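What follows is a short report on a single structure.
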Amino acid sequence: QVQVVESGGGLVQPGGSLRLSCVTSSSTVRIYCMGWYRQPPGNERDFVAVLTASSSTNYADSVKGRFTLSRDSAGNTLYLQMNSLKPEDTATYYCFVNVNGHLYWGQGTQVTVSS
């Protein structure tokens, strides 16, 4: 069973920054891609960003230029650097890992942007 654990959420003021982390227990050679979705209160889960095994990235239009994905040298920790945060970024952020075509999800980490 692949484990996915997120951390780094919290309360931040508008314009502030947070960095989310996602650690997976999967062997990196089996990872097709890793990324993030988010679910605002009362809304559906939406795509945020993805990093493929070939290191290409894709971002939702709403976060382009503000959020940046990166991965550690071992390849099993994914970071989401979030800058210039807005109240509409408030959501539970979920990390996912695609391992050989199977999706695994973390438990989510709450991000609240408020003054």
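The values are calculated or read from the model by the stated rules, or taken from the named source; none is laboratory data. Everything numeric here is computed off the predicted structure, so don't read it as measured data. Using ideal geometry, Cβ is built from the backbone for each residue, glycine included, and neighbour counts are taken over all protein chains shown. Note: accessible area is taken over every heavy atom of the protein model, side chains too, but ligands, DNA and RNA are not part of it. Shrake-Rupley method; radii C 1.70, N 1.55, O 1.52, S 1.80 Å.
Quick notes on this one:
- Scan of the range 12-42 for residues that are modelled with pLDDT of 95 or more, open to solvent by 50 Å² or more (accessible area, probe 1.4 Å) and in a loop (DSSP other than H, G, I, E, B), ordered by number: Q13, P14, G15, S17
- Residue count for the range 97-115, restricted to those that are over 14 Å from G16 (Cβ atoms) and either assigned to a loop (DSSP other than H, G, I, E, B) or among the hydrophobic types (A, V, I, L, M, F, W, C) (or both): 9
- The lone exception for N100 - which of (1) open to solvent by 60 Å² or more (accessible area, probe 1.4 Å); (2) among the polar types (S, T, N, Q); (3) at pLDDT 95 or above it fails: (3)
- Listed here are the strands (runs of 3 or more DSSP E) enclosed by the range 55-96 that have at least 2 residues being open to solvent by 20 Å² or more (accessible area, probe 1.4 Å) and free of Cβ contacts under 8 Å to residues at least 24 places away in the same chain: 57-59, 67-71.
- The range 103-113, residues that are farther than 16 Å from Q3 by Cα and either among the β-branched types (V, I, T) or open to solvent by less than 60 Å² (accessible area, probe 1.4 Å) (or both): V111, T112, V113
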